[in-house]
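Computed from the coordinates by the stated procedures, all read-outs in this text should not be read as laboratory data. Just so it is clear, the model here is predicted, and its values are computed rather than measured. So basically every Cβ, Gly included, is an ideal-geometry build from the backbone, and we count neighbours across all protein chains shown.
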Amino acid sequence: MSTGMLGDNKALREFWNGPLLTLVERVNGPEGEYWSEVIKKTLRKENPFPERLVRGKGKVPVKSSASDLPSFLINLGDGRTAEQLYVAGGYVVVDQFDRWAKDFVLSPEFKLSQTKERVELVYVQFDYVPTTDQVLARFNELDLDRPQPEDALRFGEKFPGEQMDNPVVFLHEPWRCPDGDLGVLVLNRDDSGRRLHCRWGWFDDRWLQRCRFVARRRQSL
């Protein structure tokens, strides 16, 4: 549909340049099959998100305690630069979200630890479609800390197979992307290969149920 065909209908223009454009990007992205199925269910008047929250109350997350969470060890402070860590990951650049991730890694805002230490990362998973706030609240319930941006690069290099089945999300303090939105690093894949995105969330700041959220296990003092 051309812009002229939209006429003076403001609501239609806003939908065309907002939600509809976003939906097209999702269908054309690495989660295309998922969003295509969402559209089909919606047109059939079925609930496309059976796992979503009901009246603001969610199901109990899959894992009930921090001790049960899958864990991964990474080493910090090896003297390599952010660019070297990014190159070591072997990521492909497919779209703007990949380019933004690379821009973030190479920006002055991207900080690396100068201290040699070993950090334990854990997966937090959900059996419903969580919001960002719900993920962070779960971190607090489990006495876990948010990851650092550096964790995404070191995790991706050391455990490249983890992102082949499910998106691996690092909800660190967000970075402001060139379009003005806030973004965090996400490890994912498609037919092009392993990718490092800079994304905040999907529709309404909800993440896919199959996302794996990485947190740091809090160190004892």
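Let me confirm the definition first: pairs of Lys residues in region 55-217, 8 or more apart or on different chains, C-alpha distance under 20 Å. How many are there?
For region 55-217, qualifying lysine pairs total 4.
Trypsin sites (Lys or Arg not before Pro), restricted to region 112-221: which are DSSP loop and have at most 15 other Cβ atoms within 10 Å?
Those that pass, being in a loop and sparsely packed, are Lys116, Arg210, Arg218.
Counting DSSP beta bridges in region 70-221, what percent are antiparallel, to the nearest 5?
The antiparallel proportion sits near 85 percent.
Fully extended, how many nm does the chain gain between Arg218 and Lys158 (0.36 nm per residue separation, minus their Cα-Cα distance)?
19.5 nm
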